[in-house]
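Structure record follows, encoded as structure tokens.
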Amino acid sequence: MTARPEFDHRIDPLSAHGAREPVDQLNRGAVARLLVRKLLEERETVIGVYGTWGSGKSFVLDLAIRELFRANLSVRPIVCYFQPWSYEPDVSLAPGMIMALRSVEEQFPGDNPRLAAGDIEEIHKVGENLWRLIRRAVSWLKPVAQGAAAGLSSLPQGSFAGQVGVVAAASALGAALPGAPPPEPAAAWDPEQIRLEMAELIAALRRAAEHGSGGAAADYRVVVVVDDLDRCAPDLMVDMLNWLKVHLSVEGCSFLLALDHEAAARAIVGRYREYLGDAADVAYGLRYLEKIVDFEVELGRSDLVERMAARALELQPRTTRVEEFVERALDRQGVRSDEINQLMRLPTLQSPRTMLKVVNRFHDVLTAVTAQQEEQLQGMPRGAQLPVDYPFWLLLLVAMYYRLAPGYIEAFCYGRRPLAGALPGHGTDEIPQPVREFDDFLDSVAPEGGKGTPAPSPATLIELYSAVRQLAVS
């Protein structure tokens, strides 16, 4: 039975890293080792792993965590994993990170240094005090959230702004964690006291490692791994970045962040748009991010991504390209091979997660449609015969299915091209980049009367699109 890959790579801080190694088919191990050297050999730092959705940021974080535990360096890591989006209903993410640090003795058992039992109570005490200080610092947001709650009726029902407003208001009106201090004026909190308490929490963790695992406290460094920060609401994302750099960066602690840096830059611009005026652009957000992140790596395109998807799905022995799979499935060559290869290299398909989804669905739908075609050829009840190059059109529709809005796909099926002008009310500045990429690709596809087979009729394309959605033809 074919093994399907997990599209969502998850890091479990409550489990030890066993003997089962993640398969690094994109050669990202070198990136992970570079991150470890930066985290442990250099001064305390904030490091960013940048990439779009599905580019493999969490996978690289997992590789880096494994390398941290294996590193034969003079500095030994105490790894704390923090997934901020799970704390998003609160008005700030910073208290959630302190909770993760406070309970670090539960994380990565058998990999993290053993912390002395006699020091755990002190870690909890310092962590709780710091948590309360941060809660006090962000309490001034509560009246703002209450005002947002009062104005929710003016927001469109079901709108994103309305949902965020509800979450913020709910947190402001009592969704704080038990024991939260009552609201106080912003002037009542002391930023320097927060830094001192953060330094004491990190020192307590290092002392506990010294007492429980040997060596000296100075031999240890706390590494806080922050995953999926860009899944949080934009304002919370910017707030967390500022907390990391301004209040929580102390001796003995480094941070490793995974985020879409362009999304973060847009969130920063949105936060300060009123101040920036005409200067509000993504470039400002990227420069702002440079002040927070000391070193970054960006996960770009890889020529290995299609091979990775084919091998992960075990389509056929030694299959490394979709073109090869089509030829083996149909037992013939030259089924728009050049165009299949060109399609699979569109930039919009190059994120590992997108490629896995495209190849997986194409495998399933091609298997179903091909089986039905064979039944028809063997005297079973006949429907409309598909063109000989139907695998190419199936693949194109699967790629569109994962990258375009349904309206664009329907426009393509009915022959309305270019896609950039197919939907009413969309100006040229509003056309998504994937739409432009598919338009450029379609311009290169052999037209009717050209060297290739004519494009299928709208009825055939609609039937194939239905198969893409339902994994069967009618």
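The values are calculated or read from the model by the stated rules, or taken from the named source; none is laboratory data. This structure is a prediction, so every number in the text was calculated from the model and none was measured. Every residue, glycine among them, receives a Cβ derived from its backbone with ideal geometry; neighbour counts consider all protein chains shown.
Computed quantities for the displayed model
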{"read-out": "Breaking point among (1) in contact with a strand residue (DSSP E or B) (Cβ under 9 Å, 6 or more places away or on another chain); (2) in contact (Cβ under 8 Å) with a residue 40 or more places away in the chain; (3) closer than 19 Å to Leu34 by Cβ; (4) not acidic (Asp, Glu), for Ala71", "value": "(2)"}
{"read-out": "Flag if Ala137 is more than 17 Å from Gly252 (Cα to Cα) and out of contact with any helix residue (DSSP H, G or I) (no Cβ under 7 Å at 6 or more places or on another chain)", "value": "no"}
{"read-out": "All positions within the range 411-425 that are touching a residue at least 40 places away in the same chain (Cβ under 8 Å) and surrounded by 14 or more Cβ atoms within 10 Å (Cβ to Cβ)", "value": "Phe412, Cys413"}
{"read-out": "Every residue from the range 196-242 that is of a type in the set (D, E, K, R), closer than 13 Å to Leu257 by Cα and assigned to a helix (DSSP H, G or I)", "value": "Asp230, Arg231"}
{"read-out": "Qualifying residue in the range 119-130 (condition: among the basic types (Lys, Arg), modelled with pLDDT of 95 or more and not in a helix (DSSP H, G or I))", "value": "no"}
{"read-out": "Residue among Leu229, Leu236, Leu241, Leu257 that alone is over 15 Å from Ile78 (Cβ atoms), modelled with pLDDT of 95 or more and within 21 Å of the chain's Cα centre (by Cα)", "value": "Leu257"}
